[in-house]
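Worksheet for the structure shown next.
The values are calculated or read from the model by the stated rules, or taken from the named source; none is laboratory data. These numbers come from a predicted model, not from an experiment. Neighbour counts are summed over all protein chains in view; Cβ atoms, including those assigned to glycine, are modelled from backbone coordinates with ideal geometry. Protein only, heavy atoms only, side chains kept; ligands, DNA and RNA dropped before computing areas. Shrake-Rupley method; radii C 1.70, N 1.55, O 1.52, S 1.80 Å.
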Amino acid sequence: MVEPVLDIRNLTVVFDTPAGTLHAVNDLSYTLMPGETLGIVGESGSGKSVHVLTMLGLLPCPPARIVSGEVLFRGRDLLALSERELCDIRGAEIGMVFQDPMSSLNPVLTIGRQLREVIQRHAGLDHAQASARAVELLGLVGIPDPAARLAQYPHQLSGGMRQRVMIAIGLACDPTLLIADEATTALDVTVQAQVIDLIRDLKNRLGTTIIWITHDMGVVAELADTIQVMYAGRIMERGPIAPVFHQPRSAYSWSLLRSLPSMARHRRLYQIPGSPPNMIHPPPGDPFAPRNPFATPRCHRDVPPLRQVADSVPGHQVAAWYDLPAAVAAHPEIADA
Amino acid sequence: MGRFLARRTGESLFTIWGVVTTVFFITRVLGDPATLFVPVGATDAQIAALNHSFGLDLPLWRQYLHYLAHVVRGDFGRSFVFGRPAIDVVMERLPATALLAATAMALGCVLGCTSGAIAAMRKGSLGELVIMTVALLGQATPVFWLGLMLILWFAVDLHWLPAGGYGRPANLVLPAVTLAVFVAAAIARLTRSSILDILREDHVRTARAKGLYPATVFFWHIARNALVPVTTMVGLLGGELLGGSVVTETVFGWPGMGRLTVQAIESLDFPVIQAAVFVAATLVVLINLAVDLLYQALDPRIRAQ
Ligand SMILES: Nc1ncnc2c1ncn2[C@@H]1O[C@H](COP(=O)(O)OP(=O)(O)OP(=O)(O)O)[C@@H](O)[C@H]1O
Ligand SMILES: [Mg+2]
C-alpha cells in the first residue's frame with residue numbers, strides 16, 4: 001500500500017485575540033497521496049493559509065496556538081519536531097510559493113543570492129555549483145536568459161517573472177511536496193495561464209505532490225486532481241474534480257460553482273447571501289447553515305461530520321446533513337434565483 | 001553613477017558657498033571686534049587703525065569679494081586672537097573633535113544597533129521595556145547634565161577617570177560616553193522600529209520557509225534591510241558630531257572645534273568663526289555624500305532611480 005505524503009489529523013488552531021479566541025482551523029483532517037495535486041478553495045478567512053503555515057511552523061505563536069492535531073509528513077509528525085529539524089525540512093522536502101512575488105522576495109538581495117542560499121543551505125553545494133543549479137532552475141521555470149538574471153534584483157523583473165522565481169525557489173531542492181498559496185492571484189490572466197501551464201508541465205515531469213491554494217475554482221479545475229472546499233476552518237466537501245464540479249454535495253461548493261461566470265452559463269451569477277462566519281463566536285452547527293437556503297433544523301444544531309457521499313464515487317466526501325441534489329430538485333425557485 | 005557624482009558635487013559646492021556667505025554676513029552683525037581689542041579709553045584713531053589692519057574699514061561688498069577670493073584658496077585670514085592663520089587654528093582642533101566623534105559614533109552604533117535589535121526581536125519582553133525606557137531617557141536627558149553627572153560619579157566620587165583634559169585614552173572615556181548615550185538612544189529607537197516593520201514583511205516569511213538558519217534570516221533578511229534607514233540616521237548624527245559638540249567639549253574641557261567656535265564667537269574672532277563654520281560645513285557635506293553612496297550600495301531600488 002502506498003503511504004500518503006501528508007496525513008493531517010484533527011488539526012485545530014486558534015488565535016488568542018483581544019476580542020476572544022478566534023477558531024481559524026477546526027478539527028481538520030485530510031491525506032495527500034504521492035503525485036496528487038490538491039486544490040484548496042474557500043472564501044477569505046477559511047483557514048487555508050493558516051493550516052499550511054501551521055504545519056511548517058511559520059505561524060507566530062502567540063497569537064496562534066495549536067490546540068490539537070498531528071501533521072504526518074512521510075510518517076513524521078511535523079508538529080512534534082524541533083525548530084531545527086523543521087528547518088531541515090522547510091525549503092528542502094517541502095517547498096513553498098507565496099502570494100505577491102513583489103513582497104515575498106527580498107528587495108535588496110539579488111535573485112541569484114535568494115536562489116543560491118536555499119540551494120547551499122540544503123544541498124551542500126559550493127557557490128559555483130549553486131549558481132549553476134540556480135541557472136538551471138530559472139531555465140526550468142521558463143525565464144529567458146537565466147544566467148543574466150542572477151545579478152538582477154526583484155524590482156527589475158516583471159510580476160510574472162518574479163512569480164516564476166518564487167516557484168524556482170520552491171522547487172530548488174526537488175521537494176516532495178510543493179505548497180503554493182495564492183501563487184497566481186496577483187498576476188494578470190495571461191501570465192496566470194502561463195504559470196499554470198508551467199506547473200502542470202513540472203508536475204508531469206517531476207511528479208511533485210502539490211497543494212494549490214486559491215480563490216479561483218477555474219484554476220483548480222485546470223490543475224488539480226482533487227478539490228477540497230473549505231469554510232470556517234473546516235472541509236465542507238472534498239473529492240475528485242469531475243464529481244465535485246458536476247454533482248456538488250455541499251451547498252457551499254454549489255454556491256461557489258454557481259457564482260463562477262463560466263459555470264453560471266445563461267443564468268444570473270449567484271451571490272452567496274449573508275456574510276462570512278464570525279470565527280470568534282461560530283454558529284453551533286454547520287458553519288454555513290446561516291447562509292444556506294437548504295439548511296435543515298439539524299444543520300443549525302450539530303456539526304456534520306465529513307462522510308463518504310456514495311460508494312460509486314471513491315474519495316468524494318461531504319460534510320452536510322441535507323441531501324443537496326434532492327434539496328435542489330425540491331426547491332427549483334432557489335436554484336433558479 | 002558619473003552623472004550622479006557630478007550633480008552631487010555641484011550641489012555640495014553650492015551648499016558650502018551658501019554657508020560661507022551666510023556666516024560672513026552674520027559675523028558682521030555680531031559686533032565690532034576692534035572695541036574688544038583696544039584698551040579702555042582708546043582714541044577713535046586707534047580704533048580706526050585696528051579696523052584698518054583687520055580690513056574692516058573697506059565697504060562690505062569689497063570685504064566679501066576679498067573674503068571669497070581668499071576662501072577658495074583656503075585662506076580665512078589671520079585670527080584676531082591667535083595672530084596665526086585662522087584655518088590652521090581650526091585644523092589643529094580637528095583631530096580632537098574627530099577622535100571624540102568617531103569614538104562616540106562607534107560606541108553609539110554598536111550599543112544602539114544591538115539593543116534596538118534585541119528590543120525588536122524580543123518584543124513584549126521585560127528586556128524590550130528596559131531598553132526602550134533607557135533609550136527614551138537617553139534621548140531626553142540634556143547632554144550637559146549627563147556630562148556633569150558622569151563627572152560627579154566617576155571623577156569626583158569614585159576617582160576612576162579624569163574630569164576633563166585631553167591626551168590620554170582615559171580622558172576620552174567620559175566625553176565619548178556622554179555623546180554615545182545620545183547617539184545610541186536615537187539609533188536604538190530607529191533600529192527597533194525598522195526591524196519591527198521588516199519583520200512584518202512577507203519576504204521574511206519566505207526566508208524562513210526556505211529553511212534558512214535563524215542567524216541567516218536575521219542578518220541577511222532582517223538586519224540587512226533595516227540597515228537602510230539606520231544608515232541615514234548615522235550619517236545625520238555623524239555630521240552633527242563632527243561639527244564639534246559644543247556642550248560636551250565645553251563641559252569636559254575638550255580642545256575641539258566646538259569649543260573653539262564658541263570662544264571665537266565670544267571674542268568676535270571673525271576669521272576663526274568663518275574657518276570653523278567652513279570646515280564643519282564641508283565635513284557635513286562630505287558625510288552626506290558618503291551616506292548617499294552607501295545608501296545606493298545598500299538599496300538597489302534607489303540605484304535604479
Ligand atoms: N496573525 C493572526 N492573528 C489573528 N488572526 C489571524 C492571524 N492570521 C490569520 N488569522 C485569522 O485566521 C483565520 C484564517 O485565516 P487564513 O489566513 O488561513 O485564511 P485564508 O483562507 O488563507 O484566507 P485568504 O483567502 O484571505 O488568504 C481568519 O479569520 C484570519 O482572520
Ligand atoms: Mg491565505
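Quick notes on this one:
- Solvent-accessible area lost in complex, 30 Å² minimum, residues of region A:95-115 relative to chain alone, 1.4 Å: A:Phe98, A:Ser103, A:Ser104, A:Asn106, A:Pro107, A:Val108, A:Leu109, A:Arg113
- Where labels lie 7 Å past Cα in the beta-carbon direction, separation of A:Val67 and B:Ala106 in nm: 5.7
- Peptide B:211-220 has a mean shielding of 4, counted as Cβ atoms of other protein chains within 10 Å of each residue's Cβ.
- When the residues A:Ser49, A:Ser44 are ordered by accessible surface, computed with a 1.4 Å probe over the protein chains alone, the sequence from largest down reads A:Ser44, A:Ser49.
- Contour excess over end-to-end distance, with Cα ends at A:Asp225 and A:Met102 and 0.36 nm allotted per residue: 41.4 nm
- Averaging the sequence gap over all C-alpha pairs within less than 8 Å and six or more residues apart, then dividing by the number of residues, gives chain A a relative contact order of 19 percent.
- For chain A, share of DSSP beta bridges that run antiparallel, in % to the nearest 5: 60
- Between A:Arg205 and B:Gln139, the FRET efficiency from the beta-carbon distance, with R0 = 56 Å, is close to 0.40.
- Between B:Arg8 and B:Leu126, residue separation times 0.36 nm minus the direct Cα-Cα distance comes to 37.9 nm.
- B:Ile302, B:Ile118, reordered so the largest accessible area comes first (probe 1.4 Å): B:Ile118, B:Ile302
- Taking a straight line from the alpha carbon of B:Lys123, these aspartates and glutamates sit under 13 Å away, with near neighbours fewer than eight places off in the same chain left out: B:Asp197.
- Taken along its three principal axes, the alpha carbon spread of chain A comes to 67, 46, 46 Å, from the longest extent down to the shortest.
- Computed from the C-beta positions of B:His66 and A:His155, the FRET efficiency with R₀ = 56 Å rounds to 0.60.
- Helical content of the protein assembly as shown, expressed as a calculated mean residue ellipticity at 222 nm, amounts to -16500 deg cm²/dmol (DSSP H runs of 4 or more residues, -39,500 (n - 2.57) each, divided by residue number, nearest 500).
- Straight Cα distances below 17 angstrom link A:Lys48 to none of the lysines, with same-chain residues fewer than 8 positions distant left out.
- Antiparallel content of DSSP bridges confined to the protein assembly as shown, in %, to 5: 60
- Chain A contacts chain B over a buried accessible area of about 2200 Å², both sides summed; the probe is 1.4 Å and only protein chains count.
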